[in-house]
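Colleague: I'd like to ask some things about the structure below.
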Amino acid sequence: MDVDERARRRLVRLNRLLVLGVAALVLMGQSTALRGDRVIGAERFVLRDGPGAARAELTVLPDGSPTLGFLDQTGKPRALLGLSPEGTPGLAVLDPDEQPRLTLGQRPDRTTAISAFAPGGQLRAKLDVGHDGLPGLIFFDRAGRAQSAFGVMPAGRLFSFPAGR
């Protein structure tokens, strides 16, 4: 077989591959166009960094709650945004031990609260807005007992008291 014949056969093979490749692309495009899919659906999406480590995750928990979690370099959740099973929104900031340090949320009764926690997850302070729209601030001791509270009364007057006195 001479050089020209080998070159011709190579060219024929390349043409066949090219035709198959174009046909495959056209068929894949037709499949998507026929279905009209414009939405990607899954139970879990993971966002990875350049080396492939998970850095964020959008998932639905077993109780049906949608949650977006932001992960540190080791893959531990450090911030969570989601809805409770009742549909109320919440945000949590976690320490490296995955304990809450700060939470912000709305309760099913539509009242809101911001809570601050000590290392280990112990509640230490809470800013609350009640049904009447009035704010209150409570400080807790290491045992979780309220020690003092401040708030605004309906008439607009400030109240404060140390608990247990």
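Colleague: Cβ contacts < 8 Å: first residue closer than 13 Å to Pro77 by Cβ, restricted to region 45-65; second residue at pLDDT below 95 and part of a loop (DSSP other than H, G, I, E, B), any location; separation 6+ or different chain. Result?
Modeller: Close Cβ pairs satisfying both conditions: Ala54/Gly75; Arg55/Asp49; Thr59/Glu43.
Colleague: Among the residues of region 32-44, is there at least one that is of a type in the set (A, V, I, L, M, F, W, C) and in contact (Cβ under 8 Å) with a residue 12 or more places away in the chain?
Modeller: Our first condition is that a residue be of a type in the set (A, V, I, L, M, F, W, C); within region 32-44, this holds for 33-34, 39-40, 42.
Next, only the ones that are in contact (Cβ under 8 Å) with a residue 12 or more places away in the chain stay: none.
Scanning region 32-44, I find no residue that is of a type in the set (A, V, I, L, M, F, W, C) and in contact (Cβ under 8 Å) with a residue 12 or more places away in the chain, so the answer is no.
Colleague: So, one more: Filter region 82-113 down to the residues that are part of a loop (DSSP other than H, G, I, E, B) and over 16 Å from Ser65 (Cβ atoms) and list them by number.
Modeller: First pass over region 82-113, keeping only residues part of a loop (DSSP other than H, G, I, E, B): 84-88, 95-99, 107-111.
Those that are part of a loop (DSSP other than H, G, I, E, B) and over 16 Å from Ser65 (Cβ atoms): Asp95, Pro96, Asp97, Glu98, Gln99, Asp109, Arg110, Thr111.
Residue by residue, here is whether (1) surrounded by 13 or more Cβ atoms within 10 Å (Cβ to Cβ); (2) of a type in the set (D, E, K, R) holds:
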| site | (1), (2) |
| --- | --- |
| Asp95 | yes, yes |
| Thr103 | yes, no |
| Asp109 | no, yes |
| His131 | no, no |
| Phe139 | yes, no |
| Arg142 | no, yes |
| Gln147 | yes, no |
| Phe150 | yes, no |
| Gly156 | no, no |
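Colleague: Could I ask something else about it? Among the listed residues Asp109, Asp141, Asp95, which satisfies the condition of being within 29 Å of Thr74 (Cα to Cα) and of a type in the set (D, E, K, R)?
Modeller: Going through Asp109, Asp141, Asp95 in turn, the sole match is Asp95.
Colleague: Moving on to the next point. Given the criteria assigned to a strand (DSSP E or B), in contact with a Gly (Cβ under 7 Å, 6 or more places away or on another chain) and either aromatic (Phe, Trp, Tyr) or in the same structural domain as Leu81 (by TED's automatic domain parsing) (or both), does Phe139 qualify?
Modeller: No.
Colleague: Next question. Have a look at Ala125, Ala116, Ala79 and point out the one that is at pLDDT 95 or above, among the hydrophobic types (A, V, I, L, M, F, W, C), in the same structural domain as Arg48 (by TED's automatic domain parsing) and not in a loop (DSSP other than H, G, I, E, B).
Modeller: Only one candidate passes the filter, namely Ala79.
The values are calculated or read from the model by the stated rules, or taken from the named source; none is laboratory data. All of these numbers come straight from a predicted model, not from anything done at the bench. Virtual Cβ from ideal backbone geometry, glycine too; neighbours counted across all protein chains shown.
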